[in-house]
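One structure below.
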Amino acid sequence: MTQELFTINNVWMMVATILVFIMHLGFASLEAGLTRAKNTINILFKNTIIPAMGILTYAFVGFDLMYPGEAFAGGFFGLSGLGLSLPEGWDTSNYNEGYTFFTDFIFQAMFAATAATIVSGAVAERIKLGPFIIFSTLYVAICYPIVGMWKWGGGFLDTLDTPFYDFAGSTIVHSVGGWGALIGAYLLGPRIGKYTEKGMKAIPGHNIPMAVIGVFLLWFGWFGFNGGSVLSADPGTVSKVFVTTSIAGAAGAFGALLFSYIKFKSYDITMVLNGILAGLVGITAGADMMGVGESAIIGFVGGGLVVFGVIFFDKIKVDDPVGAISVHLVGGIWGTLAVGIFGELAGFSQLMSQLIGVGAVGTFCIAFSFIVFYSMKKTVGIRVPEAEEVEGLDINEHSMRAYPDFATKD
Amino acid sequence: MTQELFTINNVWMMVATILVFIMHLGFASLEAGLTRAKNTINILFKNTIIPAMGILTYAFVGFDLMYPGEAFAGGFFGLSGLGLSLPEGWDTSNYNEGYTFFTDFIFQAMFAATAATIVSGAVAERIKLGPFIIFSTLYVAICYPIVGMWKWGGGFLDTLDTPFYDFAGSTIVHSVGGWGALIGAYLLGPRIGKYTEKGMKAIPGHNIPMAVIGVFLLWFGWFGFNGGSVLSADPGTVSKVFVTTSIAGAAGAFGALLFSYIKFKSYDITMVLNGILAGLVGITAGADMMGVGESAIIGFVGGGLVVFGVIFFDKIKVDDPVGAISVHLVGGIWGTLAVGIFGELAGFSQLMSQLIGVGAVGTFCIAFSFIVFYSMKKTVGIRVPEAEEVEGLDINEHSMRAYPDFATKD
Amino acid sequence: MTQELFTINNVWMMVATILVFIMHLGFASLEAGLTRAKNTINILFKNTIIPAMGILTYAFVGFDLMYPGEAFAGGFFGLSGLGLSLPEGWDTSNYNEGYTFFTDFIFQAMFAATAATIVSGAVAERIKLGPFIIFSTLYVAICYPIVGMWKWGGGFLDTLDTPFYDFAGSTIVHSVGGWGALIGAYLLGPRIGKYTEKGMKAIPGHNIPMAVIGVFLLWFGWFGFNGGSVLSADPGTVSKVFVTTSIAGAAGAFGALLFSYIKFKSYDITMVLNGILAGLVGITAGADMMGVGESAIIGFVGGGLVVFGVIFFDKIKVDDPVGAISVHLVGGIWGTLAVGIFGELAGFSQLMSQLIGVGAVGTFCIAFSFIVFYSMKKTVGIRVPEAEEVEGLDINEHSMRAYPDFATKD
């Protein structure tokens, strides 16, 4: 490996890092846009604190949990110390041909907070700030890196006879967030007024332009999320991943458009936006393994599943204000299974491995989320008082309003 | 060519791709910001669907039309099949020294949708959604790649004795969009209340911060649009293009500021914003051929032309809510001609070739746009009913409002 | 030096340039978000014109002042002509191993306007447009490059026995802006209604989502601001800078959160946002010299200092609507001194050199700002009339409103 190639690889990985970073603004914008004006500060506060917390905890413990090296305990758990200790040759291709130690850390750190950010949307508009921060910290610092190690740190999912495959994290990142979102939304219960005797009431987002900004920034960042997961600047693989990712996102828009039009007879922009995201989540597990047509199918189905996911979760009265569960959990499972159905790895034993991965990760995340949320629910409480929810979390938890100069309707 | 240089080139082209992608958010923000709150969802919907559609159709047919290779028919039309078929050595410098096949495709695909996005702004606030989507799809999938082939695919404009020159698309991209915008706005007629017996009434944009976000994102993306059009990471040429592009954009701001202050005696931010864009459009045809001073002149004149363009189109009652025709058509023609007047290629025969290019592209785009828009106008209709226009397209076409929590004045 | 390595270095520096460019949108969004709706156009106008002006003046005179080469006069002042003249070998590694002449210029040009943009926030909501533009132009074209030359152009701060150290500009950029902000805000006086007999009245920002967008974009751009200041793509140094920068920004959020909670008993998002920025400003002087733990301390303290800075400047009735003085001046001084306290350069003589740098730059900027602002104050006036301030600058200076479709409270 020449110094030149090492330097190029590292430049690309740093660019990818920056792109994943800005996804946190994408999530913040999307979630704020799709909820009500009275809870905007609260959502933005959470989505600002989470990446900051994620970077710090990942430096302190997450990175050591996720890449424990020799420090294994049977492929399920490992820890290589606390804090970041520079290995010899950390800034050369002896560490890795694609990046330095610091690039490795910071690229992975940007991923880490994503899991909690996904949860944030689903529990929005009624969760207490303190318990949410506690859950997020534990989820990002402990749950996510342990699960991540199972595959990316060389753990048991990576050493199956037919190894579980998850290129950039349909399961390892997105469904981890999705499971936390599901458990959180379930234990919190729906927002006041969402499900009444007269049926389900739509609670529209207060700022659709922000939601659009959010989705475009997420797509923008996804070039780094998936493109960086090549772990080098290899021209063929990265450029292929760009194409499969873009095709799937685009097809997701049309999948959601078609099925939402059939179901609701209107051109619903929030469905299209979530359809794009579901297409992106769907391709993430196999972005390097799919052809162009396969990517279009995966994205289109992912977009369609969002529509049915939203309808389904409303039917069982799990109130997810932004559709995060449908996008990241349903889309993540779909994308993970798709690796066994389409593309270069397709086959029965691969599909079984994918199911094992989905199941193992799901079991762990459900248990972890349930224990943390439920124990807080039974002690400090996780839901704001009714009056506070009606008046809005901004004024009650933050003594501020997001738009104090404007006349609002609520 | 070393593998290292090929890899660097390809990394830069991928970064440029990402930058051009985010221009679609720039267009969405700008157009939404400069129109009324009641039509915001509609504009955002179009600007979200168009890039998704553009990527898919470009994969299916556009790329094959634009770069037909041997499959020519006299330099005016060619088609090399349907869909993306990987040539041998697609991921090596044998395909191209600057990029892989997939990078080539996805970079070009990001450009493709731009043409329709430009139209979107000019026809805003009164066009029916369905006909607009049909027009956009045909324009992006067929009209744009055919015209693009004339120059970039080696067609007849590229084989003139003095070849037509259009570095990154003042004509091939921006004026293509501009001609469609002109025909669309003309056939639709002005918005209700725009031109009355008492004269022209300004209809201000509802969210100027969004317009500012849009313009900055467009400038940001232009580093990829122009910088990527070098088609390699060549240090001298790309960095020169960065400088000429930035100087022209900056000078465009002052051109528009000066003339709008003279004309209207106020510091009009929308003119300054459009002036920046016109400066950027203007330099696009010759960004690699101009010196610093020439770039300043081209940008400054481009910015000034926007002011006169806006006044002119209002005088002839072509209602362009966001100034897209002045920016992209007037600015695009100016920039294309400027290649014959300033810089390394300046000269009479070059100027003639530039005129031929402007004329040929204009003729084709006018004809194409007119046929598509006019045939829909005479059948399904292209304009929403008067009541729907007055109430807003959001509630009528999308059953949603962009800002449901806020009290609006209309 | 191989052509490959030169090309990689240059690609990274161009990417860094683009990232610093988008910081101007970050500043625009942050400042507009943290002020009132009635002054939004005015702020956006300034923040759009300033980078345009900065690029043009930097091409005309700033770059020649900042990097005068041989054309010195005792290390305090130098000028190598006017305009950009291409040196021989400008596009090869003979010019510089990290970048071409044009990359050098445009990267530095993007930095230049930052100083004035920082001032913009502190003087917002009451300064006359014309005088502000005059001040900004002089500050960017003359004051900033002279001060910058003292260190980065090889001037007297760079030739001290123990050279002053300022990696990416805690002093050279941020405190330069901060001093101008302090003098401007002081000479203008506070906004009407800010400090009354009954005490200080908080004037909340009108659009917190925009402020969040601004801070994330600034952090995003800081990867280029600090990462590009390595002046090459050196894998070890750039990736280290990414980590120290991110850790400091994240720790700044928590520093501000802790102390603002202690002081105000609420979760104040604007403090957290400014805390992130102060952490970023703080690490900027020594981003390549600090370990992970040291970066966390520097950021945390920086974040805390913002809270006390805001309280302090309110106590002495210097009205800074966005907290720019606390972030950029206090944070900048702290970061500069921190280089003498922490990291690879720590030591008494370094700390003394850092103090000399802070003092010299402060003295010059205070004098420059005072002379310019004061002479305008005594002639044309720098503050808008009272009625105009109450009604808002948008309608009076720009004949426009930022959100004409919405009902506002003031």
Quiz item: Hey, what do the phi angles of segment C:385-396 turn into as Karplus ³J(HN,Hα) couplings, whole Hz, using 6.51/-1.76/1.60 and θ = phi - 60°, x for Gly and Pro?
Solution: x, 4, 4, 5, 5, 5, 6, x, 6, 4, 6, 7
Quiz item: Rank C:LYS198, C:LYS317 by accessible area, highest first, at a 1.4 Å probe radius?
Solution: C:LYS198, C:LYS317
Practice problem: Grab the beta carbon distance between C:LYS317 and A:GLN3, set R0 = 35 Å, and tell me the FRET efficiency rounded to 0.05. | Solution: 0.05
Quiz item: In nm, to one decimal, how far is the modelled label at A:MET352 from the one at B:ALA367, with both set 7 Å along Cα→Cβ?
Solution: 6.3 nm
Self-check item: Residue list for segment B:250-292, given a label point 7 angstrom along the Cα-to-Cβ vector of C:SER399 and an amide N cut-off under 15 Å
Solution: B:257-272
Quiz item: If r is the Cβ-Cβ distance from C:GLU70 to C:GLU197 and R0 is 45 Å, what FRET efficiency results, to the nearest 0.05?
Solution: 0.15
Practice problem: Please find, in a Gaussian network model of chain C (springs between Cα atoms separated by less than 10 Å), the residue of C:VAL238, C:VAL15, C:VAL176 whose mean-square fluctuation is greatest. | Solution: C:VAL15
Quiz item: Considering amide H positions built from the backbone, and no H for Pro or chain starts, which residues 5 or more places from C:GLY392, or on another chain, come under 5 Å of its amide H?
Solution: none
Quiz item: Summing -39500 (n - 2.57) over the DSSP H runs of n ≥ 4 in chain A and dividing by its residue number, what mean residue ellipticity at 222 nm do you reach, to the nearest 500 deg cm²/dmol?
Solution: -20000 deg cm²/dmol
Quiz item: Considering only the other residues whose Cβ falls under 11 Å of the Cβ of C:THR237, what net charge follows from Lys and Arg at +1 and Asp and Glu at -1?
Solution: -2
Exercise. One decimal, nm, shortest first: give the distances between the label point of A:ASP161 and those of the same position in the other copies, each label point 7 Å from Cα along Cα→Cβ.
Key: 7.5, 7.5
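Could you give the size of the charge dipole of segment A:280-375 about its Cα centre, using +1 on the Cβ of each K and R and -1 on the Cβ of each D and E, expressed in debye and rounded to the nearest 20? Mind dumping the intermediate values first?
Working: 2 positive and 6 negative charges, 45 e Å.
Roughly 220 debye, rounded to the nearest 20.
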Practice problem: List the relative contact order of segment C:3-393 as a percent without decimals, with contacts defined as Cα pairs under 8 Å and 6+ residues apart. | Solution: 24 percent
Self-check item: Helix B:176-188 vs. chain B, principal-axis angle (Cα, 0 to 90°, nearest 10)
Solution: 20 degrees
Quiz prompt | Label geometry 7 Å along the beta-carbon vector: C:GLY193 inter-copy distances in nm | solution = 2.9, 2.9
Quiz item: Got the C:SER349 label distances to the other copies yet, label 7 Å along Cα→Cβ, in nm, shortest first?
Solution: 6.8, 6.8
Quiz item: Which one of C:VAL212, C:VAL20, C:VAL123 has the biggest mean-square fluctuation once chain C is modelled by GNM with Cα springs under 10 Å?
Solution: C:VAL212
Quiz item: In degrees between 0 and 90, to the nearest 10, how far off the longest principal axis of chain A does helix A:129-138 point, with axes built from Cα atoms?
Solution: 20 degrees
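Taking loop as defined by DSSP and a crowding limit of 15 other beta carbons within 10 Å, which GluC sites (Glu not before Pro) in segment A:75-147 fit?
Here the GluC sites (Glu not before Pro) that fit, given the DSSP loop and packing criteria, are A:GLU88, A:GLU97.
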Quiz item: Once the Cα atoms of helix C:269-284 and of chain C are each reduced to a long axis, what angle between those two axes, in degrees from 0 to 90 to the nearest 10, is obtained?
Solution: 20 degrees
Practice problem: Starting from the amide H of A:ARG383, placed 1.01 Å from N in the peptide plane, find each other amide H under 5 Å away whose residue is 5 or more places distant or on another chain. | Solution: A:LYS128
Exercise. Apply the Karplus parameterisation 6.51 cos²θ - 1.76 cosθ + 1.60, with θ equal to phi minus 60°, to every residue of segment A:200-210 and state each ³J(HN,Hα) to the nearest whole Hz, in sequence, with x for glycine and proline.
Key: 7, 10, 5, 10, x, x, 8, 8, 5, x, 5
Quiz item: In the Gaussian network model of chain B, springs joining C-alpha atoms below 10 Å, which of B:VAL358, B:VAL147, B:VAL11 carries the largest mean-square fluctuation?
Solution: B:VAL11
Quiz item: Between C:PHE406 and residues 5 or more places away or on another chain, which pairs have amide H atoms under 5 Å apart, with H built 1.01 Å from N, and which residues are they?
Solution: B:LYS409
Quiz item: Hey, if we sort B:LYS128, C:LYS263, A:LYS265 by accessible area with the 1.4 Å probe, largest down, what's the order?
Solution: A:LYS265, C:LYS263, B:LYS128
Self-check item: Reachable aspartates and glutamates from A:LYS317, criterion Cα separation under 14 angstrom, eight or more residues apart if same chain
Solution: A:GLU197
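The values are calculated or read from the model by the stated rules, or taken from the named source; none is laboratory data. The structure displayed is predicted, hence computed values, not measured ones. Counting neighbours? That spans all protein chains shown, and the Cβs are built from the backbone with ideal geometry, glycine included. Ligands, DNA and RNA are stripped out before the accessible areas are found, and what is left, the full protein with its side chains, is counted by its heavy atoms. Shrake-Rupley method; radii C 1.70, N 1.55, O 1.52, S 1.80 Å.
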